[in-house]
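Below: one structure, written as structure tokens.
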Amino acid sequence: MRASLPFRFVVILGTNEIASAVALQLRRDGYRVVLSHDPLIPVLRRKMAFHDALFDDAVMVEGMPARRADTGLEIRTLEAPGVIITELGLLDLIVIQAIDILVDARMQKYSATPDLRRLAGLAIGLGPGFAGGINCDIAIETQPGKAGLIVRQSEADPPDGLSQRLGDRGNERFVRAAFAGRWNSAIEIGTMVFKDFVIGHLRNVPVRAPFDGILRGVVRDGTEVPAGVKLLEIDPRRRRANWTEADQRTRLIAAAVKEVISAHQANVPARTRTSSLHLVRK
């Protein structure tokens, strides 16, 4: 690990695939990274994320391991080769030591967004609800087509309800919870499934695959879920399906976080990108 980094302690809120991609990037850059679990939104793309390490599963994301920590003392002293993952929330982590970098990657698109400023040396908010200079220091777009755009002094785009297309499918590749309840599924991510195949049960009601494809994501067995959340995702691309590695959108977001941190350390604005999809808002 690098010994001369101005920032050392990074807290990332969320354990989904976006939070995990950011954690992977920053850990590779030499930061000490803690992922904080958000129980509100179940994690869907678990093979792209560190999430299952919370349950002591052996998890590797692109060769990087994760280790669970349950106490502040463990977080302070644990010599982990990869990232640290915990159920401790932000209020618990603040008292452990000063947070150098705070990244909110929970993707709570329709919830009230907290003001993260002054909670860390640099606070970065990902996606809808965040506004640079208002409730975080810097915001970063997560919407498909704009992922990785750096927002300094305005709001990130609100959610539009549209999903990035995979093959010929968009929103219809997800199945959402019709009501709140306990979700049970024994089907592994990466399994080839066919239309109407029962993926799991929500309060004993069968939930079926909407069409043929690869199971790209599914909420962990035994999870209590609120109404409306995504329970599963089908990738129609079959042999070209991806369920274990970050996609282009996720990599753009992680790269933008790295760029913002580097610019902040150098005390200069992040460069204005020339791509039409990555113009920095002023």
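Computed from the coordinates by the stated procedures, all read-outs in this text should not be read as laboratory data. Values in this document were obtained by computation on a predicted structure and should not be read as measured data. Positions of Cβ are generated from backbone atoms using ideal geometry, with glycine treated the same way; all protein chains shown enter the neighbour counts.
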When DSSP beta bridges are limited to those with both residues in the chain, what percentage is antiparallel, rounded to the nearest 5? 50
Using θ = phi - 60° and Karplus 6.51 cos²θ - 1.76 cosθ + 1.60, couplings along the range 92-99 (whole Hz; Gly, Pro as x): 6, 6, 4, 7, 5, 6, 4, 8
On alpha carbon coordinates alone, what is the Rg over Rh value for the range 6-155, Rh being the Kirkwood radius? 0.94
With label points set 7 Å from each Cα along the Cα-to-Cβ direction at residue 165 and residue 92, the distance between them in nm comes to 4.4
Once label points are set 7 Å from the Cα along Cα→Cβ at both residue 155 and residue 60, what is their separation, rounded to one decimal in nm? 4.4
Taking the alpha carbon gyration tensor of the range 171-236, what are the square roots of 5 times its eigenvalues, largest first, to the nearest whole Å? 18, 12, 10
Return a single number: how many Lys pairs in the chain, at a sequence separation of 8 or more or on separate chains, have alpha-carbon atoms below 25 angstrom apart. 14
Please give the peptides 104-114, 161-171 ranked by average Cβ packing (other Cβ atoms within 10 Å per residue), highest first, as a rough proxy for protection. 104-114, 161-171
Binned at 5 Å from 0, what are the whole-percent values of the Cα-Cα distance distribution for the chain, short to long? 1, 6, 12, 17, 18, 17, 14, 8, 5, 2, 0, 0
As an exercise, take the mean of 1/r over every pair of distinct alpha carbons in the range 1-81, invert it, and state the Kirkwood radius in angstroms. 13.0
Specify the inter-centroid distance of the range 56-83 and the range 197-215, based on alpha-carbon positions, in whole Å. 32
Loop-only check: which chymotrypsin sites (Phe, Trp or Tyr not before Pro) in the range 185-231 are DSSP coil with at most 12 other Cβ within 10 angstrom? 194
What ³J(HN,Hα) values, in whole Hz, does the Karplus curve 6.51 cos²θ - 1.76 cosθ + 1.60 give for the range 79-84 when θ = phi - 60°, with x put for Gly and Pro? 8, 9, x, x, 8, 9
